[in-house]
Amino acid sequence: MAIGTPGLPAHRMQVLGMIPLQQKFGLMVALAAVVALMAGGWMWGQTPDYRVLYANLSDRDGGAIISSLQQMNVPFKFAEGGGALLVPANQVHEVRLRLAGQGLPKGGLVGFELMETQKLGTSQFQEQVNYQRALEGELARSIQSLAAVNGARVHLAFSKPSVFVREQQKPSASVLLSLHPGRNLDAGQVSAIVHLVSSSIPDLPVKNVTVIDQTGSLLTAQPGNNLGLEPGQLKYLHEVEQSFVKRIEAILTPITGPNNVLAQVTADIDFTQSENVAEIYSPNQAAAAAAAIRSQQTSESNGSGSGNGSAGGVPGALSNQPPSTPTAPITAPNAAPAGAAPGQPAAAPAAAAAQTGGSVAQGNSRRDSTINYEVDKTIRHTRQPVGMIKRLSVAVVVNHRKQVDAEGKVTSKPLETDEVEQINALVKEVMGYSKDRGDSLNVTNSVFSVADAEPIAAEVPLWKQPETIATAKDVGRNVLIAGLVLFLVLGVLRPLLTKLAEVRLPAPELADVAAAHVAETATQQRRAGYTENLDTAKQLARSEPKLVANVVKEWVSGDE
């Protein structure tokens, strides 16, 4: 034998030795290609699908995020051009949450941490600029925390302080917002941003804050340019109108059926704020007794002359004395004639002489009385309520009544006159109709036109759906690998193996190989029989020790 090792393996080695070197090299290449394809397919299937984690990162944020990803053992790579950072698709959301917990990314904004890196010898101007940058960055971060805001920039303008009060200027601020696609800010949210900025800066009035979005639209209302209603007033007006519409449709739906009545309401609401203050003084009372006395003052003085008839008082001062209080009525009775009997009234000249004559007794009496009455006054303070309804205009359209005949055909029929009047009366009650207020109501019975059904959007074919495309890619990849492997096995390895099977050794060598194979097989069988007998004896010794002892005893006795 050419090969020293006996048996069939030696035959195989001898057969391989008889193959030409070119065929051996082809067989090795084919085996290596099959192994490479199988390994490449497995690695290709294990490669994760990378998705965008963040795009348009600043250098500072990019370095911080990469350091965090390395600490978390998360694989990453950059897109072409370095415009985006990619991570495995199944870890995108988890990584974003973990980075958000670390405050990343910061969006390229600097806050008050800028003040922590002040250098020695920094001028006052640089300190002021750094403080302004830090304040702008902090405000932008606060605004970016809103759900609808994707990015924000804040610009502050501070005037130089002046010792003259009239020349002092208030600071101003401008806010640029970048909103998420499909998101909008209502007036209340814009007002909140304005007040946030105004409250963060001393002496910054609300009117000096301007907010615009990424499209250049002005979001803050300028003073003097608001020709319409305020957002709150518009909202209240809409709520009032919709409230009337719902009430009208709710009361008519049980009569007409669903989808058979439409109502529209236009409300004229007075948003004027007015206050009236009036003071009303009532005229004097007809009777003094009915009036309330506030205060009363009385003064009396009495004086009498001497008996000799001399003039009283300071000589020469008669003309300065005030006239005495008259003691007789202004209209005196007719004087009696001269020589009249006692008891008759004296003549008027004699009475006057008695008052002014020097020889007639004279007396002075004076009485002053002052009474103050309370003044009847009414103070009225009236505040007009805001949001009163000045006028309502209501339009109601009712569909014709549908009827189904015996054949199942649907027809429409106008409502009766009494039914229309009933609907009119119900709507008036619901809306609180007031003729004095100028309300108007119009109820119309008409056939509703059935709108054409909107075309249903064509469904995306199965072969165009993203899930189907992704599945097809995976299946195609696996099929391609399997096809290449089959091609190598069936097209390369199989022909080589067929040629190996056709190689025959010479007859003597085949006989020697066969004899050696038979001898080796017999030896293996003998070894197997001895091993089996030994195992059987051991098992018998364990199970029947007495029997084995007797057999051994007989063997020993026989030898003697």
*In the set LEU505, LEU510, LEU488, LEU496, which member is open to solvent by less than 90 Å² (accessible area, probe 1.4 Å), modelled with pLDDT under 75 and not in a helix (DSSP H, G or I)?*
LEU505
*Could you list, in sequence order, the residues of segment 377-400 that are over 39 Å from the mean Cα position of the chain (by Cα) and free of Cβ contacts under 8 Å to residues at least 60 places away in the same chain?*
HIS400
*Taking segment 186-218 as the region of interest, how many residues are open to solvent by 30 Å² or more (accessible area, probe 1.4 Å), touching a strand residue (DSSP E or B) at 6+ places or on another chain (Cβ under 7 Å) and closer than 13 Å to ALA148 by Cα?*
1
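Residues being hydroxyl-bearing (Ser, Thr, Tyr), within 27 Å of GLN403 (Cα to Cα) and touching a strand residue (DSSP E or B) at 6+ places or on another chain (Cβ under 6 Å): count how many of those fall in segment 248-284. I'd like the intermediate steps shown before the answer.
Step one: filter segment 248-284 for residues hydroxyl-bearing (Ser, Thr, Tyr), giving 253, 256, 266, 272, 274, 281-282.
Going one step further and asking which of them are within 27 Å of GLN403 (Cα to Cα), we end up with 253, 256.
Retained after the next criterion (residues that are touching a strand residue (DSSP E or B) at 6+ places or on another chain (Cβ under 6 Å)): 256.
Going through segment 248-284 one residue at a time, the tally reaches 1.
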_Here is a check on your reading of the model: is SER159 surrounded by 11 or more Cβ atoms within 10 Å (Cβ to Cβ), among the polar types (S, T, N, Q) and closer than 30 Å to ASP186 by Cα?_
no
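Can you name every residue in segment 133-163 that is assigned to a helix (DSSP H, G or I) and in contact with a strand residue (DSSP E or B) (Cβ under 7 Å, 6 or more places away or on another chain)? Outline the logic, then answer.
First pass over segment 133-163, keeping only residues assigned to a helix (DSSP H, G or I): 133-144.
Result: LEU135, GLU136, LEU139, ALA140, ILE143, GLN144.
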*Selection within segment 93-129 - aliphatic (A, V, I, L, M) and either modelled with pLDDT under 80 or surrounded by 15 or more Cβ atoms within 10 Å (Cβ to Cβ) (or both)*: VAL95, LEU99, LEU104, LEU109, VAL110, LEU114, MET115, LEU120
*In the list SER178, SER159, which residue meets the criterion of being farther than 20 Å from ALA134 by Cβ and not hydrophobic (A, V, I, L, M, F, W, C)?*
SER178
*Which pairs do you get when a residue that is within 15 Å of ALA64 (Cα to Cα) and assigned to a strand (DSSP E or B), found in segment 83-99, comes within reach of a residue that is of a type in the set (S, T, N, Q) and open to solvent by 10 Å² or more (accessible area, probe 1.4 Å), reach meaning Cβ atoms under 9 angstrom, with the pair 6+ apart or on two chains?*
ALA84/ASN56
*Quick one: in segment 231-267, which of the residues that are polar (S, T, N, Q) and in a helix (DSSP H, G or I) is farthest from SER191 (Cα to Cα)?*
THR256
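The values are calculated or read from the model by the stated rules, or taken from the named source; none is laboratory data. Since the structure is predicted, the reported quantities are computational estimates derived from the model, not experimental observations. A quick note on method: Cβ atoms are made from the backbone with ideal geometry, for glycine too, and the neighbour counts reach across all protein chains shown. Only protein heavy atoms, including side chains, enter the accessible area calculation; ligands, DNA and RNA are left aside. Shrake-Rupley method; radii C 1.70, N 1.55, O 1.52, S 1.80 Å.
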